[in-house]
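The numbers here are math on the coordinates, done by the rules we state, and not lab data. No experiment lies behind these values; they were computed from the predicted model shown. Cβ placement follows ideal geometry from the backbone for every residue including glycine, while neighbour counts extend to all protein chains displayed.
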Amino acid sequence: MNDLRTQPRLAQGSQPLNSDSLPQILAFVYAVRHGGFAAAGRRLGLTASAVGKSVARLERALGVTLLHRTTRSITLTDIGEGIYERYGEALRLLKDADLMALQEASLLTGTLRLDLPKVYGARVIGPMLTRFAEQHPLLGMDIRLNDEICNLVAEGIDLAVRIGEVAESRLVARVLDQQYLVIVASPGYLERHGSPQQPEDLKHHQCLGFRHASHGRIRPWQFRMENTITHLTLEHRYLFDEGIALKRAAETGFGVIQVPSYMVRRAVSEGTLQTILNDYQPEPTPISLVYPGQTRHSPKIRALVEFLLLESSAGRLGPDGTQRVGF
């Protein structure tokens, strides 16, 4: 290639190039690189005519002819050859700088403050966060396991996971998963007391209840009956305010429980618990990623949200990253 310094000077009256000249430079370089205006246009999303006009504007701005044109081909002029070499090098430098900026942006730093439901956060979200952390070693996380609804803005929470509908207009909600409620008991309990065939039969069984630690109310049991959701408040001889303790009590044959499926999936697969009344299982409840609207453009929040949604869409929920939480 000829050195531009050995080429004739640009014509008098030529206009200086500025940032607005970049589309014209791209049109010229792509036309040479790909052998014509039509091929360049396909890569730039332009018509062949638009590429040709951009090159013509560049020539007028420089005051020189860059290309010899025929109906079938284009070839570089002598000065066009030198200018093409310089512009090509400049575009390569810009591309390298852009890649460096993207790599730098991927190195997320700082701390993410997260608020997660106790059991779902520990069993499902926790392992996913481990996989996310492996991709972002400079990013810290402050994780709070909490079943109460918090004020994200007031408490400085970057992202929360909420089970149920999200009605707050200031928050962005993205559905991540679904919570399925199941009724289970140990095989030993069912052998001793029989298996209930309909929800009313539970009145003759030892049903273990869950009491919310925050407000003290007992959670009613839910059933789908005649295409509607029915809530039943059963008599509970034993109450628990912690989900894992409730599940372990059922495994020992203490009674029947209704819990989210992610709490007992492994126990059911291993045979220590057995599902019953499956025909009455209620509709699932949405589980959402929730974050303040003003933080939606934060790189670290956006990266975590997109990672979790991608894992969910690929079915990689839970500790092994290969299985959804519903049965």
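Cα centroid distance between region 252-277 and region 176-193, in Å?
4
List every residue whose amide H lies under 5 Å from the amide H of Leu112, counting only residues 5 or more places away in sequence or on a different chain, with H placed 1.01 Å from N in the peptide plane.
The list, which skips near neighbours in sequence, is Gly140, Met141, Asp142.
Report relative contact order for region 203-247 in percent, whole number only (criteria: Cα-Cα under 8 Å, sequence separation at least 6).
Over region 203-247, the number comes to 45 percent.
Working out 0.36 nm times the residue gap between Asn146 and Arg237, then minus their Cα-Cα distance, what length gain in nm do you get to one decimal?
Values: separation 91, 0.36 × 91 = 32.76 nm, distance 2.64 nm.
Gain on stretching Asn146 to Arg237: 30.1 nm.
What is the distance in Å between the Cα centres of region 68-98 and region 231-249?
74
If you average 1/r over all unlike Cα pairs in region 94-214 and invert the result, what Kirkwood radius do you get in angstrom?
Its Kirkwood hydrodynamic radius stands at 18.7 Å.
Of the trypsin sites (Lys or Arg not before Pro) in region 253-305, which ones lie in a loop per DSSP and count no more than 13 other C-beta atoms within 10 Å? Let's see the in-between values first.
On the way: sites: Arg265, Arg266, Arg296, Lys300, Arg302; in loops: Arg296.
Listed in order of number, the matching sites are Arg296.
When a/c is below 1.5 the answer is rounded, else prolate if a/b is larger than b/c, else oblate, so apply that to the chain with a ≥ b ≥ c taken from the square roots of the Cα gyration tensor eigenvalues.
prolate
Students often forget the sequence filter, so: which lysines lie under 27 Å Cα-Cα from Lys300 once same-chain residues fewer than 8 apart are removed?
Result set, ordered by chain and number: Lys95, Lys118.
Shape of region 219-286 from its Cα gyration tensor (a ≥ b ≥ c, root eigenvalues): rounded if a/c is under 1.5, otherwise prolate when a/b > b/c, or oblate?
Note, shape of region 219-286 comes out oblate.
Quick check on the chain: helices-only [θ] at 222 nm, where DSSP H runs of length 4 and up contribute -39,500 (n - 2.57) each and the sum goes over total residues. Nearest 500, please.
Working: 10 runs with 120 residues, N = 327.
Dividing the helical sum by the residues of the chain leaves -11500 deg cm²/dmol.
Could you calculate the contour length gain from Thr71 to Leu310, that is, 0.36 nm times the residue separation minus the distance between their Cα atoms, to one decimal place in nm?
Stretched out fully, the Thr71 to Leu310 stretch lengthens by 81.1 nm.
Angle between the Cα long axis of helix 299-313 and the longest principal axis of the chain, 0 to 90 degrees, nearest 10?
60
Defining a contact as two alpha carbons under 8 Å apart and six or more residues distant in sequence, what relative contact order in percent does region 181-280 show?
46
Give the peptides 304-317, 244-257, 140-153 in descending order of average Cβ contacts within 10 Å, highest first.
My ranking of the peptides, most packed first, is 244-257, 304-317, 140-153.
Can you tally the net charge around Ser195? Count Lys and Arg as +1, Asp and Glu as -1, for every other residue whose Cβ sits under 15 Å from the Cβ of Ser195.
So the environment of Ser195 carries a net charge of -2.
I want the antiparallel fraction of DSSP beta bridges within the chain, as a percent rounded to 5. Write down the numbers at each step before the final one.
Working: 28 of 41 bridges.
Once the DSSP bridges in the chain are tallied, antiparallel ones form about 70 percent.
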